[in-house]
Amino acid sequence: MLYLLVQVNESIKCVISERVVNIEAIDNKFSDLFDAITLEQYNDREVKVFIRQEKSENWREVNNGLKDNLKILEILGYLQVKFCLVESNLNTQDIPILTQNRENAFSILMQNSRKFLLPQRITEYNNCDRLYNEIIELLQDLKVGWIGGVHDTIGKIFVNHIKNAICQPWANNDIWNQVVLAILSLIGILEKYVQYLNEATIIMTKHHHSDKSARSPENNCIMYRTAAYKRNNLR
């Protein structure tokens, strides 16, 4: 069951003010929702359909209009619907919604699939739960996450592993402090090694594309003189 905020406009005039309408998403189209709120008074009019999640967002036009299925609202999480009655003599510039805001349901789905998502926060009953939420907040501040819907599986496992490692009693022991210092030292060594590899790659690339020899024949070249073999001596 969907609970939607629905309104009907004609140009800039509000014909039916915003009201809550409940309707089943399965086997129903926007035309059924339109008939329910207008009591079938405007069946002879051309209608455009727009949807959005929150009032702060721009309206997005539904590509197939009244013919599209209400299931897309449930999938995309959109709760606000606006029907616009189109007048035949209405100029394009008078349409309340800009054409550049039009997006079909498939485009919106593709955009959402590329968004970085994080596991949901949990109710805090103890310090470990609080740490779990703080890790998620840190990842959110870093603007990282998971795509493809794996944030509730792989993402949750990742956050739990970090939380469990920090919550272990031995994490505060003196021995662990020594391990931390050793790990930080190893990271510093690896950073220097990576820097060396980058510098070596740059130097080798310059030599590879240079017209000059990397070694001077006068100082770095040893030449040997050998007698030629006769053909009859070859076996």
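The numbers here are math on the coordinates, done by the rules we state, and not lab data. The structure displayed is predicted, hence computed values, not measured ones. Every residue, glycine as well, gets a Cβ built from its backbone with ideal geometry; the counts of neighbours run over all protein chains shown.
Using a basic spin-label model with each label point 7 Å from the Cα along Cα→Cβ, how many nm lie between residue 57 and residue 137?
For the pair residue 57/residue 137, the computed spacing is 2.6 nm.
May I ask for the distance between the Cα centers of segment 114-186 and segment 1-69, given as a whole number of Å?
When both Cα centres are located, 43 Å separates them.
Fully extended, how many nm does the chain gain between residue 227 and residue 75 (0.36 nm per residue separation, minus their Cα-Cα distance)?
In short, 46.3 nm is gained.
Let me make sure I get this right: for segment 127-167, a, b and c are the square roots of the gyration tensor eigenvalues over alpha carbons, sorted descending. Under 1.5 in a/c it's rounded, otherwise prolate if a/b > b/c, else oblate. Which is it?
On the way: a/c = 2.48, a/b = 1.43, b/c = 1.73.
Taking the square roots of the gyration eigenvalues as a ≥ b ≥ c, segment 127-167 is oblate.
If you take the beta carbon distance between residue 206 and residue 181 as r and set R0 to 35 Å, what does 1/(1 + (r/R0)^6) give as a FRET efficiency, to the nearest 0.05?
Efficiency, from the Cβ-Cβ distance: 0.35.
Given 0.36 nm per residue, what is the gain on full extension from residue 23 to residue 174 after removing their alpha carbon distance, in nm?
So the extension gain works out to 48.1 nm.
Estimate the FRET efficiency between residue 117 and residue 197 by the formula 1/(1 + (r/R0)^6), using the beta-carbon distance for r and 25 Å for R0, to the nearest 0.05.
Once rounded, the FRET efficiency stands at 0.15.
Return a whole-number percent for the relative contact order of segment 1-80, with Cα pairs under 8 Å and 6 or more residues apart as the contact set.
The normalised contact order for segment 1-80 reaches 31 percent.
Please give the contour-minus-distance gain from residue 5 to residue 32: 0.36 nm per residue of separation, less the Cα-Cα distance, rounded to one decimal in nm.
Roughly 8.2 nm would be gained on extension.
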